[in-house]
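J.: The following block contains the structure, expressed as structure tokens.
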Amino acid sequence: MALSSLLGLAPSPGLHSFSKGLQTRPCGLLTRCDASKGHERSMAGVERRSLLGGTLGLSLATLLAPEALAGPLKPGANVFGPAKSKRTDFIAYNAESFALLVPSKWNPASSKGAYPGIVLKYEDNGDQGNNLEVVKRPTSKRSITEYGDPKKFLQEIKFIFGDNVWQGSTISEGGFKKDQVYSTSLINIDDSKDKNGNEYYRYEMLNRTADGTAGGTHILLSAAVNEGQLHIFKVQILDKRWVRGADKDGKGAFKSFVVV
């Protein structure tokens, strides 16, 4: 199939007239073989083909330019500047109370069947095990620090890590202790403020399961309180993807999350 058909391009008038002017000879060459003017017409054909190629190349470059494809996913406080950005790895998502950068190759995903409060969810189109979500829940707290220290706050949001649906006893699975089928390691904890004075608790964790799925899951978590709402951002990347470069997607989105 012609490239112009695949891309939905209308046939160029120059291409149509150029094709009509060409004749096929037994030698298989797509050119006129007039002995007296062969060289001159052959050179003219090269020039016209070059011009046509340049025109098509310009059209493709215009259609496929990242700036032509970029755009805001949702109106709101545009804290990341114009949507038409040269940063093609991420797309700005601006909501009424929060903003972040979403990896450009991730797609919107359904939050049905999960815990309540999810207002945004995206997943990697190459592996659904890589995904991010934002949760909003009402709170009487005025700041994240009113929940206590960062470790105590984790106890308040155990729901976000999911329930252990497996029931039973084990002797030893995947090197785990008796009756233990998963473990979560807390790699890093940070509490900080943004330029507007909003306080955040941020975490980096590694979750492993006894079945060894994908070597574990890296979890990056950020939480803040704003206007009577607890905002929780969570992104998870499968370890097998993390070590192959997907950590850039997770870390980029994680570091960009802010409440506004």
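Quick note: the coordinates plus some simple rules give every number you see, no bench work behind them. Because the structure is predicted, anything quoted here is derived from the model rather than measured. Cβ coordinates were reconstructed from backbone atoms using ideal geometry, including for glycine residues, and neighbour counts include every protein chain displayed.
J.: Could you run the Karplus curve 6.51 cos²θ - 1.76 cosθ + 1.60 with θ = phi - 60° over the range 238-251 and give me ³J(HN,Hα) per residue in whole Hz, x for Gly and Pro?
T.: 4, 4, 5, 8, 4, 6, 9, x, 6, 4, 5, 5, x, 5
J.: Sorted by average packing, counted as other Cβ atoms within 10 angstrom per residue and highest first, what order do 243-250, 130-137 take? Please list the in-between numbers first.
T.: Numbers: 243-250: 15.8, 130-137: 21.1.
Per-residue mean Cβ counts within 10 Å order the peptides as 130-137, 243-250.
J.: Just order 151-158, 89-96 by mean Cβ neighbour count inside 10 Å, highest at the front, would you?
T.: Ranking the peptides 151-158, 89-96 by packing returns 89-96, 151-158.
J.: Would you mind checking which residues have amide H under 5 Å from residue 139's amide H? H placed 1.01 Å from N; only 5 or more apart, or other chain.
T.: Counting only residues 5 or more places away or on other chains, the set is 229, 230.
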